[in-house]
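What follows is a single structure, written as structure tokens, with notes after it.
The values are calculated or read from the model by the stated rules, or taken from the named source; none is laboratory data. This is a predicted model, so every value here is computed, not measured. Ideal geometry is used to build each Cβ from the backbone, glycine not excepted, and the neighbour counts take in all protein chains shown.
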């Protein structure tokens, strides 16, 4: 399991595949100097509720992956997350959508499989 480390103090665990999609969506927003809320459902081990943080370009952000290979990117899920990030509620992490296969691209090369 990888980690999103926010502000140097807050660590949130996500599977590498989820983290890769979040990195792309959050990176797009931060490139435009946009702040926004990011929310997700907590794991049962920490209460099974929801959490949210304000993502701001001025706050350090680190994506730490547990695996050495970049996961494939699901374009349909990426589009859904991007639309969510542009809403008034901010980026809401949802379950992965879309069939795996033709809509996936390699995270390093951008080439579909």
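Below is a table of values for the structure above.
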| item | result |
| --- | --- |
| In region 25-47, the residues that are assigned to a helix (DSSP H, G or I) and without any contact (Cβ under 8 Å) to a residue 60 or more places away in the chain | 27, 28, 30, 31, 44, 45, 46 |
| Residue 55 vs. criteria crowded, with 16+ Cβ neighbours inside 10 Å, touching a strand residue (DSSP E or B) at 6+ places or on another chain (Cβ under 9 Å) and either modelled with pLDDT of 90 or more or more than 18 Å from residue 2 (Cβ to Cβ) (or both) | yes |
| Some residue of region 97-104 being modelled with pLDDT of 90 or more and either in contact with a strand residue (DSSP E or B) (Cβ under 7 Å, 6 or more places away or on another chain) or in a loop (DSSP other than H, G, I, E, B) (or both) | no |
| Failed condition for residue 18, given (1) at pLDDT 95 or above; (2) at negative phi; (3) surrounded by fewer than 18 Cβ atoms within 10 Å (Cβ to Cβ) | (3) |
| Yes/no for residue 66 being touching a residue at least 24 places away in the same chain (Cβ under 8 Å) and part of a loop (DSSP other than H, G, I, E, B) | yes |
| First in region 80-100 and closer than 10 Å to residue 36 by Cβ, second anywhere and part of a helix (DSSP H, G or I), Cβ under 6 Å, 6 or more apart | 85/25; 85/29; 91/84; 91/85 |
| Single condition residue 17 does not satisfy, out of (1) touching a strand residue (DSSP E or B) at 6+ places or on another chain (Cβ under 7 Å); (2) touching a residue at least 60 places away in the same chain (Cβ under 8 Å); (3) not in a loop (DSSP other than H, G, I, E, B) | (1) |
| Some residue of region 70-85 being outside any helix (DSSP H, G or I), surrounded by fewer than 16 Cβ atoms within 10 Å (Cβ to Cβ) and touching a strand residue (DSSP E or B) at 6+ places or on another chain (Cβ under 9 Å) | yes |
